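Inspection log for the structure reproduced underneath, given as structure tokens.
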Amino acid sequence: MFKNYFKIAMRNIIRQKSYSFINISGLALGMACCIFLLLWVHHQASFDKFHENANRLYRVEVDIPQPHSKIHGPNSPYPLGPAIKENIPVVSSAFWLLKIKFLFLLPGFSWLATTTYYLLLTTY
């Protein structure tokens, strides 16, 4: 029975090539997007799971509007930590995370870009 279904499907694919191409490529694209979305969700849910109080950790990110773009990241102004600790009573401690990108010129190579995160451990 499945052999017959397979034969009919192959005949239809051969007869209607453009229609089959559109359907198969759409299915492949949809499956690829679904897999990438699942991988992204898994990656986002995997942060800070090693910490014993992982359910109590939060990260504040900022969006800085520029004339032609927007900068998104963990950079935040230094006074934000004390302000959060003063105004939100459930916050027990806060720290400041700074992201800095460096560019190095190595002899015989091209530019090397690296990103470094600095953590200022302060309980305010």
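The values are calculated or read from the model by the stated rules, or taken from the named source; none is laboratory data. Remember, it's a predicted structure, so these values are computed and weren't measured experimentally. Because the Cβ atoms are built from the backbone with ideal geometry, glycine has one as well, and the counts that use them run over all protein chains shown.
Values for this structure:
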{"quantity": "Contacts under 9 angstrom Cβ, first residue in region 31-48 being without any contact (Cβ under 8 Å) to a residue 24 or more places away in the chain, partner surrounded by 10 or more Cβ atoms within 10 Å (Cβ to Cβ), 6 or more apart", "calculated": "F47/A54; F47/L57; D48/A54; D48/L57"}
{"quantity": "Matching residues, region 53-69, being under 16 Å from K99 (Cα atoms) and of a type in the set (D, E, K, R)", "calculated": "R59, E61, D63"}
{"quantity": "Residue in region 28-49 that is closer than 30 Å to I88 by Cβ and of a type in the set (K, R) present", "calculated": "yes"}
{"quantity": "Residues (at pLDDT 70 or above, under 17 Å from L57 (Cβ atoms) and hydrophobic (A, V, I, L, M, F, W, C)) located in region 67-124", "calculated": "L80, I84, I88, V90, V91, A94, F95, W96, L97, L119, L120"}
{"quantity": "Only one of A94, A32 that is surrounded by 10 or more Cβ atoms within 10 Å (Cβ to Cβ), of a type in the set (A, V, I, L, M, F, W, C) and outside the structural domain of M10 (by TED's automatic domain parsing)", "calculated": "A94"}
